[in-house]
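Below: one structure, written as structure tokens.
None of the figures in this text is laboratory data; all of them are computed from the coordinates on show. Quick caveat: nothing in here was measured; it's all calculated off a predicted structure. Every residue, glycine as well, gets a Cβ built from its backbone with ideal geometry; the counts of neighbours run over all protein chains shown.
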Amino acid sequence: MTTAPYLGLRPTGPGGPPAPVGREELLARLERALQTRGRALLTGPAGVGKTELALAAATRAEARGETVLWLATLPSDREIPGASAAALVASVAATVSLARPGGRRREPRPSDKASTGRTPTAPEASAVFDELPGPQRTAVAMLCREAPLDAGGWDPIALRLGIAQILRTLTRRGPVLLVVDGVQHVDADSADLLRFALHLAPPALRVAAVETPEPYGETDEPYRAPHRPDDPHAAHLWVPSEADVLLVPPLHADEIAELLIHHRLPSRMAGRIHRASGGNPRLALAVGRSLADARTPVHHAEALTLSGRARDLARQLLGAAPLAVRETLLLAALALRPSSTLVRRAGRPNAEADLAAAERAGLVSLAEDGSVTFTAGLLPSTLVHDACWAERSAGHAALAEVVDDPVEAVRHRALATDSPDENLAAEVADAADLARR
Ligand SMILES: Nc1ncnc2c1ncn2[C@@H]1O[C@H](COP(=O)(O)OP(=O)(O)OP(=O)(O)O)[C@@H](O)[C@H]1O
Ligand SMILES: [Mg+2]
């Protein structure tokens, strides 16, 4: 978890800072949702720009004089009971401390009065923590490990009420924007505490939750559909209705060009970078940097030379998928016109489920007729690049058996072999003639 408060990362102009590239409209929708209904959930694949958008909303809120609490989670938080709730309390303490007149950065601790008998001098700090009734203050102090944990742990009711009260007190100073970046990592205890606190919170507390969906679930349950009703991380914890779930889409080609310029990268190949990245800004920037760093400039007709970082990002996206899904995706990457039926017939009986999971992860999109399109060109190229010869050969051999088009079949057979074969060479020549006609 990150307990650092939001520190106003950008300078703010008189009209507020500009929106991230291509996100003016989405930022306006986000702000509208927060101001009218007080809740919003940003969702979308890794690297698409959710945190960037939440940062912009936070910067604008701060420019309007609102209090911003920023809670960034880490994957390990999920296994630590109370981790996110403790980080939230620490974030409140740090934010209040920063807002103190004179701005000295000593952070008030929830246990200040309980454990030392001292009262923080800042009125805000004393209001937020010291107004808590004793048992609630003790429970909050235990959560933050600033008071010894009783044998029975903290009193859960006192803790719930204490956190709700802290947030309520904070809103007395004006609107508060709480950003929870990475709700998928919030531990179950904190999810319960937050659900309670948010339920009791006054309208002046607005919450922007940010999630990167985890489409694969646990290893023994590889294809978890997102937002199961019994899931403590389900969207309804954060937003009352689907209307407040905002999907952050990939950027268009012209926006990718603008993004590259924004990051002082050459935009000459923006169209190809857009195709390679599928409009995902993190991938696009990595590909753009690869090209900028290449010793010799890449010609428009050549394959893109990609640095380890761009490939690693693609590997990270692919690596989150179970092995079975990756094997299915490799067959789709080897096919000229991949479809779920083709891949199933080529030896992947669970092709539909595998591809549906890959679609939830934002790796492919599936059309009504079952045809499969990778969302970013870098994904199939990395799958093929990283497969060993035996895997590629077996994939092409299996596809050669099931494709309908004879030219495609010959192509797959040619790619499945590495030894000279006169008959096959003649078939390839015939197929090339056929294709030319
Ligand atoms: N619209 C944008 N304008 C400028 N830069 C952007 C934009 N969107 C994303 N970026 C940049 O792209 C990178 C990835 O964005 P970001 O970290 O917001 O993605 P994310 O969706 O939060 O990813 P994750 O799910 O991994 O947390 C960052 O370097 C960010 O600054
Ligand atoms: Mg993020």
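Taking 0.36 nm per residue of sequence separation and subtracting the Cα-Cα distance, how much length would be gained by fully extending the chain between His262 and Thr373, in nm to one decimal?
Computed gain between His262 and Thr373 is 37.1 nm.
Points 7 angstrom from Cα along the Cβ direction at Glu352 and Ala127: gap in nanometres?
Going from the Glu352 label point to the Ala127 one covers 5.9 nm.
How much length, in nm to one decimal, is gained on full extension between Leu336 and Ala28, taken as 0.36 nm per residue of separation minus their Cα-Cα distance?
106.8 nm
Starting from the Cα of Asp293, step 7 Å along the direction of its Cβ; do the same at Ser393; then give the gap between the two resulting points in nm.
3.4
Would you mind putting 377-389, 265-277 in packing order, based on average other-beta-carbon counts within 10 Å, highest first?
Per-residue Cβ counts within 10 Å, averaged per peptide and sorted highest first, yield 265-277, 377-389.
Using amide H atoms built in the peptide plane, which far-off residues or other-chain residues are under 5 Å from Val364 H to H?
Glu359, Thr375
Could you size up the charge dipole of segment 320-436 around its Cα centre, putting +1 on the beta carbon of Lys and Arg and -1 on that of Asp and Glu, and report it in debye to the nearest 20?
Here segment 320-436 has a charge dipole of around 360 debye.
What's the extension gain from Ala320 to Asn423 if we count 0.36 nm per residue and subtract their Cα-Cα distance?
Residue separation times 0.36 nm, minus the Cα-Cα distance, leaves 32.9 nm.
More than 12 Å apart: what percent of Cα pairs in segment 386-437 qualify?
Result for the distance tail: 63 percent.
Rank-order 56-67, 78-89 by packing density, defined as the average count of other C-beta atoms within 10 Å over each peptide's residues, highest first.
Result, highest mean Cβ count within 10 Å first: 78-89, 56-67.
When the Cα centres of segment 182-215 and segment 128-162 are compared, how far apart do they sit, in Å?
20
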